[in-house]
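Structure first, commentary second.
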Amino acid sequence: MSKNSFFLARMLMWSLLRRRSRLLIALLGVTIGATVLFSLVTLCYDIPRQLSREFRSYGANLVFVKAGGVGRMSLAELNQAAALLPAEQLVGLTPLRYESVRNHMLPYTAVGVDFEEARKTSPYWRVEGVWPARSGEMLAGSDVAEKIRLTPGQSLTLDGRNEAQERYDKEFKVTGIVSTGGVEDGFMVISLSDMEEMTGEADRLDLAEASLTSNSAALSEISAQVKARFPGLEARPVTRVASSEETVLSKLTALVYLVSLVVLSLTMICVATTMMTVVLERRREIGLKKALGAENRRVAREFLAEGLILGVLGGFLGSVCGLFLAGAVSASVFGRALTPEPQLAPITIAVSAVVTIVACLAPVRRAVDVEPALVLRGE
Amino acid sequence: MSESARNILEITDVSKIYGPLKALETINLTVPPGQWLAIMGPSGSGKTTLMNIIGCLDTASEGAVRLDGLNLAQLTRAELTGIRREAIGLIFQQFHLISYLTALENVMVAQFYHSMVDEGEALAALERVGLADRAKHLPRQLSGGEQQRVCIARALINHPKIILADEPTGNLDEANESLVMDILHNLHQAGSTIVVVTHAPEVAAHAERVIVLEHGRVVSDK
Ligand SMILES: Nc1ncnc2c1ncn2[C@@H]1O[C@H](COP(=O)(O)OP(=O)(O)O)[C@@H](O)[C@H]1O
Ligand SMILES: [Mg+2]
């Protein structure tokens, strides 16, 4: 039997290799199908992740304050609580401290932030000019800047009194004008360390904003943990944003799955049509094999084996192309690199093999039922 | 019974009816083993239809066909396939070689469906038709005459009881025709039973016996 199996492999190989143009057409069909399938499913996996990050762009979704919202917390307190946040889901965490300051006798609110973290938790801040890079530099809120005609590059002095009623003042260089569409537009935004140095008072935080990719259930869980472990603190999920985000996400995912389903059935029809043409073209060959004494079952099995090879090959190529396609879509739509899902490749190959075989079944059965006398007459 | 055992082929009152058309009408024909029979007749006279019935590719509408003692009418489709595999060697006017397989592999295909491939034996068969040096060529790299000789090697490979050739030289020039006839002569000498359909008298002249069909009837048997 092994000699015959070897010959069968030889026949299948030559059928695929020596009928190259035909093979390429069929392979192209299967590959395109597998590519579309692979990239859509990859995107299905990735879209919630990507969009989660997009939604994070709209600000913090967990805010730490002193329990009851009264009083200030220390950095140590915050860091202890922040240790509960899952590191891999944490986009950023910035402490904030507000102080009343004056400039030329006029009162303003200054907010001290960690600029580096603020860029992560509040990526929607638009800065005209540049972000502060060193001590003594600041951002002016757009409303303030308009009122007192500040432009990037100008300097100003902020002064005030600390809790001990001691006077302080410090000169700042405005590196940029920030517009957020929120309260920050009316603030002077300086670095937390400058604020601590200027007031001579350290380790006082009004609140801290965290941005996480976790869903609302996970956020409530974190909030409960903080409450249990650190009674002096409160972690408030910003629930309104979080829940609407999930509604949008689930709707979008459903939509993508629906589109995948439609594309998959179209692909199947396309592959079936291609296989139909390929098989019908070879009716004479089937007739000849039957005339030589081949049983229908045997001829059919050989064709299905060819279909299987095509399906696996197309599935493999499709996975490779699909990875690039999904990567390109991800890059152009989300502007981010895709996280590859290698476990999708074997699934794509299996689906593509099954689809190809199913697509071959009907045409092969029809071709095999043909009377050899009819196709061999060839008049 | 002893009579039927002696004849390789016995056709009794066979008709083939296609709707209003009687392609064959009450044909009676007996072929003893080792005979070389030629079937002649104008186009449409039923030669191919008769060959297909003898070759188990088709069944008679009426009458009985006995091939090597077996009554074909009583056999199932699968059993007829088995007879084709075991007892019949087919040679076609259009060769019908598999385009993506070499000459050698085309011969091996017949072995593959019959029992077991044997490359040495297949090569020997090609050698017998003078094509040992063309074994690795694809059909499109072979001339018409060479393709027909591959076809003959394929028909011979499983030692069939009867060789059926439907216009084997119909697509060949004179030189190739005589090459093919030489091979058939050798087969005949070796004891093969051969049925050749042709409308070329010089091809029919090689046979021991010539029957002529017209409108589905045997009009002459010499
Ligand atoms: N499958 C078929 N259906 C209907 N008519 C057929 C079929 N096969 C052959 N015929 C008819 O039977 C007659 C004999 O055909 P055929 O045996 O091919 O003739 P020949 O081989 O002598 O040229 C022709 O008239 C042909 O048209
Ligand atoms: Mg004919």
Residues of the range A:277-301 buried by at least 40 Å² on assembly (accessible area, 1.4 Å probe, chain alone as reference): A:Leu288, A:Ala291, A:Leu292, A:Gly293, A:Arg298
Between A and B, accessible area buried - total, square angstrom, nearest 100, 1.4 angstrom probe: 3000 Å²
Listed residue pairs exceeding 21 Å between alpha carbons, taken from A:Lys289/B:Lys16; A:Lys66/A:Lys227; A:Lys3/A:Lys289; B:Lys22/B:Lys47; A:Lys290/B:Lys161: A:Lys289/B:Lys16
Phi-based couplings in Hz for the range B:129-138 (Karplus 6.51, -1.76, 1.60; Gly and Pro marked x): 9, x, 10, 3, 7, 10, 4, 8, 8, 7
Cα centroid separation, the range B:167-222 to the range A:107-148 (Å): 102 Å
Accessible surface, the range A:61-237, averaged per residue in Å² (probe 1.4 Å): 48 Å²
GNM flexibility winner over chain A from A:Glu137, A:Glu163, A:Glu302 (Cα, springs under 10 Å): A:Glu163
Exposed-site-free run, longest, chain A (rule: trypsin sites (Lys or Arg not before Pro); DSSP loop; at most 12 other C-beta within 10 Å): A:150-379
Cβ-derived FRET efficiency at R0 60 Å, A:Phe6 paired with B:His215, nearest 0.05: 0.75
Residues in the range B:94-114 occluded by at least 10 Å² - accessible area, probe radius 1.4 Å, against chain by itself: B:Gln94, B:His96, B:Ile98, B:Tyr100, B:Leu101, B:Thr102, B:Glu105, B:Met108, B:Val109, B:Ala110, B:Phe112, B:Tyr113
Kyte-Doolittle at least 1.0, axis length at least 18 Å by Cα - qualifying DSSP helices, chain A: A:239-281, A:296-334, A:344-368
Inter-part distance where the range B:127-160 and the range A:359-373 are each reduced to a Cα centre, Å: 28 Å
Residues whose placed amide H lies under 5 Å from that of B:Thr30, excluding near-sequence neighbours: B:Ile11
Theoretical FRET efficiency, 1/(1+(r/R0)^6), r = Cβ-Cβ of A:Glu221 and A:Ala362, R0 45 Å, to 0.05: 0.30
Neighbourhood net charge (15 Å Cβ-Cβ; Lys/Arg +1, Asp/Glu -1) for B:Gly82: +4
Two-site label geometry, B:Ala64 and A:Thr109: point separation in nm, points 7 Å out along Cα→Cβ: 11.2 nm
Estimated 222 nm signal from helices in chain B, with DSSP H stretches of n ≥ 4 weighted -39500 (n - 2.57), rounded to 500: -10500 deg cm²/dmol
Proximal charge balance of A:Arg22 [Cβ under 15 Å; K/R count +1, D/E count -1]: +4
GNM top mover of A:Ala76, A:Ala359, A:Ala218 - chain A, alpha-carbon springs below 10 Å: A:Ala76
Computed helical MRE - 222 nm, chain A, DSSP H runs ≥ 4 contributing -39500 (n - 2.57), nearest 500: -19500 deg cm²/dmol
Listed residues A:Leu323, A:Leu23, A:Leu93, most fluctuating in chain A (Gaussian network, C-alpha, under 10 Å): A:Leu23
Rounded percent of accessible protein surface that carbon and sulfur make up, chain A, 1.4 Å probe: 61 percent
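The values are calculated or read from the model by the stated rules, or taken from the named source; none is laboratory data. A quick note: this is a predicted structure, and the numbers were derived from the prediction, not measured. Glycine also receives a Cβ, built like all others from the backbone with ideal geometry; neighbour counts cover every protein chain displayed. Note: accessible area is taken over every heavy atom of the protein model, side chains too, but ligands, DNA and RNA are not part of it. Shrake-Rupley method; radii C 1.70, N 1.55, O 1.52, S 1.80 Å.
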